[in-house]
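These notes are about the structure you will find just below.
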Amino acid sequence: MRFSDLLHPTERGLYCPVADVYIDPVAPVPRALVTHGHADHARAGHGAVLATGQTLDIMALRYGADFTGARQVAGPDPVQINGVQFEFAPAGHVLGSAQIRLSHRGMTITVSGDYCRLPNPTCAEWQPLPAHVFVTEATFALPVFTHPDPMGEIGKLMTSLRAFPDRAHMVGAYALGKAQRVIALIRAAGWDAPIYIHGSLQALCAYHQEQGIDLGELRPATAETVTKAETAGQIVIAPPSAFNSPWMRRFADPVVGFASGWMQIRNRAKARGVELPMVISDHVDWPDLTRTIQELAPEETWITHGREDALMRWCEMTQRVGRPLRLVGYEDEAE
Amino acid sequence: MKAFADLLERLAFTPARNGKIALLRDFIATRPDPERGYALAALTGELELRHVTPSLLRSLAADRVDETLFALSYDFVGDLAETMALIWPEGPGGNTPDLPDLVEELMSTGRAALPGVIAARLDQMPASERYAYLKLATGGMRVGVSARLARIAVAQYGDIPVEEIEELWHGLTPPYAELFAWTEGGEKPVSAALAPFRPVMLATPIDLDELRDLRPGDFSVEWKWDGIRVQAVVDQGVRRLYTRTGEDISAAFPDVIDAMQFDATLDGELLVRRGDQVAPFSDLQKRLTRKTTPKALLASHPAGLRIYDILIENGQDLREMDFKNRRNRLEDAAQHWPDRIDLSPILQVKDWDHLADLRADPPDAVIEGVMIKRRDSPYLAGRIRGHWYKWKRDPMLVDAVLMTAQRGHGKRSGFYSDFGFGVWDGDRLVPVGKAYFGFTDEELVELDRFVRQNTTDRFGPVRAVAPKLVLEVAFEGLNRSNRHKSGVAMRFPRISRIRRDKPVEEADRIETLRALLPPEV
């Protein structure tokens, strides 16, 4: 049996024919295993979904309780499906995110999903799941990506708040994971004033708080009662798309910030009209990505989505077997 | 070095001009000499460090990073210094020297030793400083700080009129210690340089109604030529040509410099001239964009001066003298000028209505109005009311169709405030310009609403809108352009009215604009 008999790419995503399950399928399938709740990995309309309890909760919040036919919580114990064993372990990416290790007749494959090895106050820390094949993302797989200490990036926001105490500070952050992590980092930096959040972050922030993650006092930024005077010199968190909407006019001379790994590249930040770029990422940077492959030392490294050319080149330079899967449908821009 | 790296970072992400000035002012206020001076010189491109080439950087990178990985990274990042700064392997660290030490090191190191010196410095620095250091070494900061902006920041910091700083600037060299001493209450530096720039006298706008309060007999009237206002200076054989903000453009106009056979400081208009004909502004622009000028362009686009005034002659300062007497001196001096340089004629005007007639029908297309100068005024620095007036020709107007809109910054956040518009070419619209002012706050809200309700496509921050709304666009002139598909480029376009009443089919056609183009000379 070859590795590709246990798992191989299809148009709908990674497929395990022995268990007849897809991992993070991009289109509806009878049986899906989902690594985490980001929309490009977790879609509605499957027959059955196996995922961590938190990922299932998040999918229900986003798509409604009927997002799938049947569901099963992946707990600490492995799950057997048609003789294939599936283990879930934290990926350190967002709340509920998991890596999945498949084992069958002595052959093992770890699908990392998206992962990050920096400590993150909003989710469990990444754990190694050694296997014969390591399936990795490559979102930031270029040697120019070395993510700085996130607290230093939050420090830029704090400096700007002191320099411009009359301007509202808008921080763009995607709704699941990044927004809550940014809030937690702001709290860690000692900012205990209320933080204003866009309405589309409301449900996910409340869920994080239910899960015991302290985000401090949050106020709705989309309420009609919010005034310019009230938000001057305050922090407003919103999905970046909100910055294009007339809603922005409610704020006093806003400073536009954006928390994303892409902010490391000036042209990207400028093209978005960002004044306060904060390099905060939920993905592994180049040093952590290459370190992880070295530590896990798989026989083969499969690369799902991102900048696979550079990672392939690194595999070649370090005498490793690398294989680009060229999976379609995953948005590496949405970080 | 950290402070300079931070400044560079903040400037890059501060779109507003006043924001940039504030950042520079704060830097000047908080950093010591000579750091602030070197920083200013680096930002405005006045540090001459010419040995550090892109190929030198590439070969440095090749020693540390796999070539394929570097190429993939450069391709993604799009800027060589930034790619280098990010990809450079973290070195042993250490104390980064201050900016002045680094500048002096780069200046004094020979070509052969330079790669080793740069590599050692990169090993000491964190990524943000590596970026600033590499930008310093290669020049070209691209953070939107002109020499003029830097001078404004210095002027604001010292609470000194910017004209006084402009007057001194060319006698100063980085790191400008004596200039900063002056801004902090010290002595005003004495410029030792020959052929210095003198602050230019500027006019205030006026119209016929306001003119009626003035006595025509008190004033002298000239055409306002559509070239570039310049100051031509010859001082003991040293010759320079300055713009009205004190930029030295001598190198781009060797033909004019050669013709400057006098010892004086003259105020005039730089024009491209072919025989008796004055060429349109766009011909002059071809000369302006170049640092040096090829022979063929000198022959096809010969430049010359039309002189308005005289400030200094044979070392004698005439600026206290009144206009009438300066003019007499100027007319005497003009006897000795070569062909390329001539006198701006004085118009014989009976009264203001007569002037209005002249203005309405000027004898040359390259005239953009009239200048009205009080005959007993001295030559004063800056724009002071009551002495010189400009009565520009009425702006040209065109009815164009709104085609695209881009989001604004700062106080215009959340508004689509930069508008692209076009006119009909056959049955298709062809873009002819962009405008981001001219409208009131209420009109901005109306335009923004229109854009949101009529978006057909999005490209990053730009939206394409359905061709439904006609805008009256005012502009100061039209140039031929090879860069624009329409073949025309507007000068100072702004939106003068929203023509809700006008059906888009009745917007202007490209033929109408082409008819407004100046004749080819």
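State all residues of segment A:123-163 that are within 13 Å of chain B (Cβ to nearest Cβ), over 20 Å from the mean Cα position of the chain (by Cα) and surrounded by fewer than 16 Cβ atoms within 10 Å (Cβ to Cβ); if no residue qualifies, say none.
Within segment A:123-163, A:152, A:155, A:159, A:162, A:163 meet the criteria.
When you look at residue B:107, is it of a type in the set (A, V, I, L, M) and either within 14 Å of chain A (Cβ to nearest Cβ) or within 23 Å of residue A:309 (Cα to Cα) (or both), yes or no?
no
Which of (1) charged (D, E, K, R); (2) in contact with a strand residue (DSSP E or B) (Cβ under 6 Å, 6 or more places away or on another chain); (3) more than 30 Å from residue B:216 (Cα to Cα) does residue B:306 not meet, given it meets every other one?
(3)
Based on what the data block shows, is residue B:413 free of Cβ contacts under 8 Å to residues at least 24 places away in the same chain, surrounded by 16 or more Cβ atoms within 10 Å (Cβ to Cβ) and not aliphatic (A, V, I, L, M)? Show your work before the answer.
Values: free of Cβ contacts under 8 Å to residues at least 24 places away in the same chain: yes; surrounded by 16 or more Cβ atoms within 10 Å (Cβ to Cβ): yes; not aliphatic (A, V, I, L, M): yes.
The answer is yes for residue B:413.
When you go through B:244, B:229, B:240 one by one, which is the residue that is assigned by TED's automatic domain parsing to the domain that holds residue B:358, touching a strand residue (DSSP E or B) at 6+ places or on another chain (Cβ under 8 Å) and crowded, with 19+ Cβ neighbours inside 10 Å?
B:240
Could you grab me the full set of residues in segment A:254-274 that are of a type outside the set (Lys, Arg), more than 20 Å from residue A:184 (Cα to Cα) and either crowded, with 16+ Cβ neighbours inside 10 Å or away from chain B (no Cβ under 13 Å) (or both)?
Step one: of segment A:254-274, the residues of a type outside the set (Lys, Arg) are A:254-265, A:267, A:269, A:271, A:273-274.
Filter once more, keeping what is more than 20 Å from residue A:184 (Cα to Cα): A:254-255, A:262, A:264-265, A:267, A:269, A:271, A:273-274.
Across segment A:254-274, the qualifying residues are A:254, A:255, A:262, A:264, A:265, A:269, A:273, A:274.
Could you list all residues from segment A:232-251 that are buried (at least 19 other Cβ atoms within 10 Å of the Cβ) and either of a type in the set (Phe, Trp, Tyr) or within 11 Å of chain B (Cβ to nearest Cβ) (or both)?
Selection gives A:242, A:243, A:248, A:250, A:251.
Can you confirm whether segment B:315-332 contains a residue that is farther than 30 Å from residue B:480 by Cβ, assigned by TED's automatic domain parsing to the domain that holds residue B:240, among the small types (Gly, Ala, Ser) and modelled with pLDDT of 95 or more?
no
Give the number of residues within segment A:35-58 that are assigned to a helix (DSSP H, G or I), aliphatic (A, V, I, L, M) and more than 14 Å from the chain's Cα centre (by Cα).
Of the residues in segment A:35-58, 1 are assigned to a helix (DSSP H, G or I), aliphatic (A, V, I, L, M) and more than 14 Å from the chain's Cα centre (by Cα).
Search segment A:244-273 for residues that are over 30 Å from residue B:80 (Cβ atoms) and pair each with any residue that is in a helix (DSSP H, G or I) and of a type in the set (Lys, Arg) when their beta-carbon atoms are under 8 Å apart and the residues are at least 6 apart or on different chains.
A:246/B:452; A:250/A:228; A:251/A:228; A:252/A:228; A:253/B:411
If a residue must be under 30 Å from residue B:110 (Cα atoms) and in contact with a His (Cβ under 8 Å, 6 or more places away or on another chain), how many such residues does segment B:4-52 contain? Spell out the reasoning first.
Step one: list which residues in segment B:4-52 are under 30 Å from residue B:110 (Cα atoms), which gives B:4-9, B:31-52.
Among the residues that remain, those that are also in contact with a His (Cβ under 8 Å, 6 or more places away or on another chain) are: none.
The qualifying residues number 0.
Within segment A:8-17, can one find any residue that is surrounded by 15 or more Cβ atoms within 10 Å (Cβ to Cβ), closer than 26 Å to residue A:282 by Cα and free of Cβ contacts under 8 Å to residues at least 12 places away in the same chain?
Looking for residues that are surrounded by 15 or more Cβ atoms within 10 Å (Cβ to Cβ), closer than 26 Å to residue A:282 by Cα and free of Cβ contacts under 8 Å to residues at least 12 places away in the same chain, one finds at least one in segment A:8-17, hence yes.
Out of the residues in segment B:141-191 meeting the condition of being part of a loop (DSSP other than H, G, I, E, B) and in contact with a Gly (Cβ under 6 Å, 6 or more places away or on another chain), tell me which one is surrounded by the most Cβ atoms within 10 Å (Cβ to Cβ). So that I can check it myself, show each step before the final result.
So the first thing to find is which residues in segment B:141-191 are part of a loop (DSSP other than H, G, I, E, B), and the list is B:141-146, B:159-161, B:170-176, B:184-191.
If we keep only those that are in contact with a Gly (Cβ under 6 Å, 6 or more places away or on another chain) too, we end up with B:174-176, B:191.
Working: B:174: 18, B:175: 22, B:176: 25, B:191: 15.
Here the residue is B:176.
Restricting attention to segment B:361-402, report how many residues are of a type in the set (Asp, Glu) and under 28 Å from residue B:317 (Cβ atoms). Talk me through it step by step, then tell me what you get.
At the first step, the residues of segment B:361-402 found to be of a type in the set (Asp, Glu) are B:361, B:364, B:368, B:376, B:394, B:399.
Pick out the ones that are also under 28 Å from residue B:317 (Cβ atoms) and you get B:376.
Qualifying residue count for the region: 1.
With the requirement that a residue be closer than 25 Å to residue A:138 by Cα and surrounded by fewer than 22 Cβ atoms within 10 Å (Cβ to Cβ), what does segment A:57-91 give you?
A:86, A:87, A:89, A:90
Condition first: crowded, with 19+ Cβ neighbours inside 10 Å and farther than 16 Å from residue A:144 by Cβ. Now tell me which residues in segment B:62-95 satisfy that.
Of everything in segment B:62-95, nothing turns out to be crowded, with 19+ Cβ neighbours inside 10 Å and farther than 16 Å from residue A:144 by Cβ.
Please verify whether residue A:179 is assigned to a helix (DSSP H, G or I), buried (at least 22 other Cβ atoms within 10 Å of the Cβ) and within 19 Å of the chain's Cα centre (by Cα), treating the condition exactly as stated.
In short, yes.
Based on this model, can you work out whether residue A:311 counts as buried (at least 19 other Cβ atoms within 10 Å of the Cβ), more than 7 Å from every other protein chain (Cβ to nearest Cβ) and of a type in the set (A, V, I, L, M)?
Values: buried (at least 19 other Cβ atoms within 10 Å of the Cβ): yes; more than 7 Å from every other protein chain (Cβ to nearest Cβ): yes; of a type in the set (A, V, I, L, M): yes.
Spelling it out, residue A:311 is indeed buried (at least 19 other Cβ atoms within 10 Å of the Cβ), more than 7 Å from every other protein chain (Cβ to nearest Cβ) and of a type in the set (A, V, I, L, M).
Can you find, within segment B:352-393, the residue that is surrounded by the most Cβ atoms within 10 Å (Cβ to Cβ) among those that are among the hydroxyl-bearing types (Ser, Thr, Tyr) and part of a loop (DSSP other than H, G, I, E, B)?
Per the stated criteria, the residue is B:379.
How many residues are aromatic (Phe, Trp, Tyr) and in contact with a Gly (Cβ under 7 Å, 6 or more places away or on another chain) when one looks only at segment A:248-285?
Total meeting the criteria: 1.
Among the residues of segment A:95-122, how many are part of a strand (DSSP E or B), surrounded by 21 or more Cβ atoms within 10 Å (Cβ to Cβ) and of a type in the set (A, V, I, L, M)?
5
Test residue B:373 against the stated conditions and say whether it is among the charged types (D, E, K, R) and closer than 20 Å to residue B:476 by Cα.
So residue B:373 fails the test.
The values are calculated or read from the model by the stated rules, or taken from the named source; none is laboratory data. These figures come from a predicted structure and were not determined experimentally. Please note: Cβ atoms are built from the backbone with ideal geometry, for glycine as well, and neighbour counts cover all protein chains shown.
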